[in-house]
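> I'd like to ask you about the structure that follows.
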Number of protein chains: 2
Amino acid sequence: MKTYLECLPCFLNQALRAGRIATNDEKKIKRIMDEVGMMLKDIPLESSPPASGKEIYKKVREISGVFDPYKEIKEKSTEKCLALYPSLKNLVEKSHDKLLTAIRIAIAGNIIDFGANMDFDIEEEIDAALTRDFAVCDYTEFRDFSGEADKILYIGDNAGECVFDRILIETMKKPVTYVVRGVPVINDAIYGDAVQAGIHEVAGILSSGTDAPGTILDTCSPEFKKVFEGAGFIISKGQGNYEALFNEKRPIFFLLKIKCPVIAHDMGLTEGDMVLKGTER
Amino acid sequence: MKTYLECLPCFLNQALRAGRIATNDEKKIKRIMDEVGMMLKDIPLESSPPASGKEIYKKVREISGVFDPYKEIKEKSTEKCLALYPSLKNLVEKSHDKLLTAIRIAIAGNIIDFGANMDFDIEEEIDAALTRDFAVCDYTEFRDFSGEADKILYIGDNAGECVFDRILIETMKKPVTYVVRGVPVINDAIYGDAVQAGIHEVAGILSSGTDAPGTILDTCSPEFKKVFEGAGFIISKGQGNYEALFNEKRPIFFLLKIKCPVIAHDMGLTEGDMVLKGTER
């Protein structure tokens with residue numbers, strides 16, 4: 001997805017939020033914002049928003065000196081989600097369509113995003129996700145395609161959300177490679193976050209190598225790119241991955257919650273919408 | 001008032017909104033935002049927000065080539081407010097405390113601010129302002145002081161709002177000098193806007209000379225500064241004038257509606273609050 005003019009003030013807001021989480025030093029935060037302000041002129045509107053996110057969160061790391069500002073927040077998110085795990089598993093077991101319920105839960109988990117939003121109630125989100133209509137729902141294709149697939153590449157998004165992804169992975173009963181970011185960026189899951197969520201018990205974990213808040217292939221490792229190019233069935237979670245991958249000619253199903261007015265506009269949808277969207281084949 | 005870090009993304013948002021109103025040329029709007037982004041590093045947090053507003057809207061004028069982007073919006077605001085004038089006059093006439101009702105109406109008019117907010121319903125705002133409690137209410141001092149004053153300096157804020165100010169001026173029955181900005185900035189009233197509202201029929205109109213969205217004395221004309229320094233009773237409307245003048249040792253009464261979370265925080269108040277606040281004497 002391209003960058004809209006509306007993304008530019010949002011980038012600065014993200015720099016402020018991340019700066020405040022990384023440090024209490026107002027001077028350092030001001031410096032982060034000054035530098036992000038100067039970066040704006042170099043952002044081509046043709047680039048995808050996570051490409052700018054990559055540079056912004058790099059600045060936050062550099063100036064604050066904190067490598068993983070959201071570490072504690074991520075750990076607490078995961079703890080909270082793990083506490084919900086037994087009841088969510090129970091929900092799936094009892095449901096008429098286990099796969100669809102697990103998908104709904106995985107999308108509900110996508111609300112745990114400290115880049116797009118700080119205010120959310122995960123339990124409320126789950127309740128809503130279980131009954132709400134999808135704005136885009138390629139479920140039949142997803143079910144048929146995933147049934148035929150011999151293995152699945154599952155590109156994760158946020159920490160905490162991994163616990164919900166685990167439930168979908170367990171429900172699909174296929175060999176899964178779960179992809180995490182290579183470097184901490186916002187509250188996106190890295191290796192340790194996936195392990196805390198227990199993903200290693202149900203899937204292999206692979207780093208994409210990227211330090212962007214979205215799987216921009218040019219920023220990923222050669223190893224990951226090879227796996228991606230060879231994958232027969234790909235699940236992509238969240239906005240950042242959608243923004244980076246929506247144009248790829250691969251069999252990808254995007255599972256996401258629309259949390260930003262610009263993406264909503266770009267996709268012809270509304271904030272809050274639930275999306276299960278397959279790429280055209 | 002000082003500039004908070006939260007003001008910086010807001011400045012960029014204001015540049016975007018004003019750019020979109022001034023022109024449809026996305027490249028020009030991007031250039032406005034690029035330049036405002038680069039300006040951020042030079043904004044001292046000790047400066048008041050309208051000092052930055054001055055530079056931002058100057059950039060919008062320069063790059064768009066449009067001297068008064070909000071001209072049409074201002075004219076329509078004023079027309080709409082003029083249509084409400086007879087019923088508002090009637091409300092004041094019928095009320096138990098005419099002065100207080102006119103003050104409430106003048107504060108309701110302060111919602112017409114395209115810098116802080118684009119969404120407002122003026123009729124709803126008037127209904128709320130007539131009954132709502134003030135968060136700060138130095139009404140007794142205002143009434144006594146204005147009763148004794150032989151003339152009043154009334155510093156206006158937005159176009160459209162002038163119509164509501166006119167009602168307060170008519171109710172006070174004192175000689176009034178009504179102050180407008182020297183150069184168009186956002187939808188702040190300049191000379192022509194005050195005349196459209198009929199202010200010239202009830203008061204003298206004086207330009208402060210400033211091109212800031214607030215009466216920053218250093219940016220005002222020597223003529224205005226002389227009048228300001230000699231004034232025995234001053235009414236200041238709106239956030240921008242409050243931000244610029246709150247620290248002045250003059251007998252000022254600030255009439256405003258709190259429309260921004262940063263000012264709310266700074267004043268220990270809540271967004272939406274109505275304020276009638278006198279300077280300490």
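> Looking only at the stretch A:232-265, count how many residues are within 19 Å of A:Ile111 (Cα to Cα) and not small (Gly, Ala, Ser).
18
> Okay, moving on. Could you please find all residues in the stretch B:133-142 being surrounded by 15 or more Cβ atoms within 10 Å (Cβ to Cβ) and either touching a Leu at 6+ places or on another chain (Cβ under 8 Å) or part of a loop (DSSP other than H, G, I, E, B) (or both)?
Listed by number, the residues that qualify are B:Phe134, B:Ala135, B:Val136, B:Cys137, B:Asp138, B:Tyr139, B:Phe142.
> Next question, about the same structure. Looking only at the stretch B:15-35, filter to residues that are in a helix (DSSP H, G or I) and more than 9 Å from every other protein chain (Cβ to nearest Cβ); which one of those is surrounded by the most Cβ atoms within 10 Å (Cβ to Cβ)?
B:Ala18
> Checking A:Lys76 against (1) modelled with pLDDT of 95 or more; (2) over 24 Å from A:Phe11 (Cα atoms): exactly one of these is not met. Which one?
(1)
> So A:Asp113 ticks every box in (1) farther than 30 Å from A:Glu201 by Cα; (2) touching a residue at least 60 places away in the same chain (Cβ under 8 Å); (3) part of a loop (DSSP other than H, G, I, E, B) but one. Which box is left unticked?
(1)
> Within the stretch B:16-33, restricting attention to residues that are among the basic types (Lys, Arg) and touching a helix residue (DSSP H, G or I) at 6+ places or on another chain (Cβ under 7 Å), which residue is nearest to A:Met39 (Cα to Cα)?
So, considering only residues that are among the basic types (Lys, Arg) and touching a helix residue (DSSP H, G or I) at 6+ places or on another chain (Cβ under 7 Å), the one nearest to A:Met39 (Cα to Cα) is B:Arg31.
> Would you be able to say whether some residue in the stretch B:116-123 is touching a strand residue (DSSP E or B) at 6+ places or on another chain (Cβ under 8 Å), of a type outside the set (Gly, Ala, Ser) and either assigned by TED's automatic domain parsing to the domain that holds B:Phe228 or part of a strand (DSSP E or B) (or both)?
no
> Hey, another quick one. Out of B:Leu40, B:Leu88, I need the residue that is within 10 Å of chain A (Cβ to nearest Cβ) and of a type in the set (A, V, I, L, M). Which one?
Going through B:Leu40, B:Leu88 in turn, the sole match is B:Leu40.
> Here's a follow-up. Applying the selection to the stretch B:36-70, what residues are hydroxyl-bearing (Ser, Thr, Tyr), in contact with a helix residue (DSSP H, G or I) (Cβ under 9 Å, 6 or more places away or on another chain) and either buried (at least 23 other Cβ atoms within 10 Å of the Cβ) or under 19 Å from B:Cys260 (Cα atoms) (or both)?
B:Ser48, B:Ser52, B:Tyr57, B:Tyr70
> Do the conditions hold for B:Val66, that is, is it β-branched (Val, Ile, Thr) and either within 12 Å of chain A (Cβ to nearest Cβ) or part of a helix (DSSP H, G or I) (or both)?
no
> Next up: Report whether or not B:Thr101 is part of a loop (DSSP other than H, G, I, E, B) and either surrounded by fewer than 22 Cβ atoms within 10 Å (Cβ to Cβ) or within 14 Å of chain A (Cβ to nearest Cβ) (or both).
Here the answer is no, as B:Thr101 does not meet what is asked.
> Please go through the stretch A:187-204 and give me each residue that is part of a helix (DSSP H, G or I) and of a type in the set (Gly, Ala, Ser), ordered by number.
Those that are part of a helix (DSSP H, G or I) and of a type in the set (Gly, Ala, Ser): A:Gly192, A:Ala194.
> Exactly one of (1) within 30 Å of A:Ala18 (Cβ to Cβ); (2) under 22 Å from the mean Cα position of the chain (by Cα); (3) of a type in the set (Lys, Arg) is unmet by B:Lys30. Its number?
Failed condition: (2).
> Step by step: first the residues of the stretch A:171-188, then only those that are in contact with an Asp or Glu (Cβ under 9 Å, 6 or more places away or on another chain) and charged (D, E, K, R), then the one that is farthest from A:Gly109 (Cα to Cα). Which residue is that?
Selected residue: A:Lys174.
> I've got another one for you. A:Asp127 - would you say it is modelled with pLDDT under 95, charged (D, E, K, R) and outside any helix (DSSP H, G or I)?
In short, no.
> Taking B:Lys237, is it in contact with a Leu (Cβ under 6 Å, 6 or more places away or on another chain) and among the basic types (Lys, Arg)?
Yes: the conditions hold for B:Lys237.
> Evaluate the following for B:Glu161: is it touching a helix residue (DSSP H, G or I) at 6+ places or on another chain (Cβ under 7 Å), assigned by TED's automatic domain parsing to the domain that holds B:Ala102 and at pLDDT 95 or above?
Answer is yes for this residue.
The values are calculated or read from the model by the stated rules, or taken from the named source; none is laboratory data. Model, not experiment: these values are computed from the prediction. We place every Cβ from the backbone using ideal geometry, glycine too, and count neighbours over all the protein chains shown.
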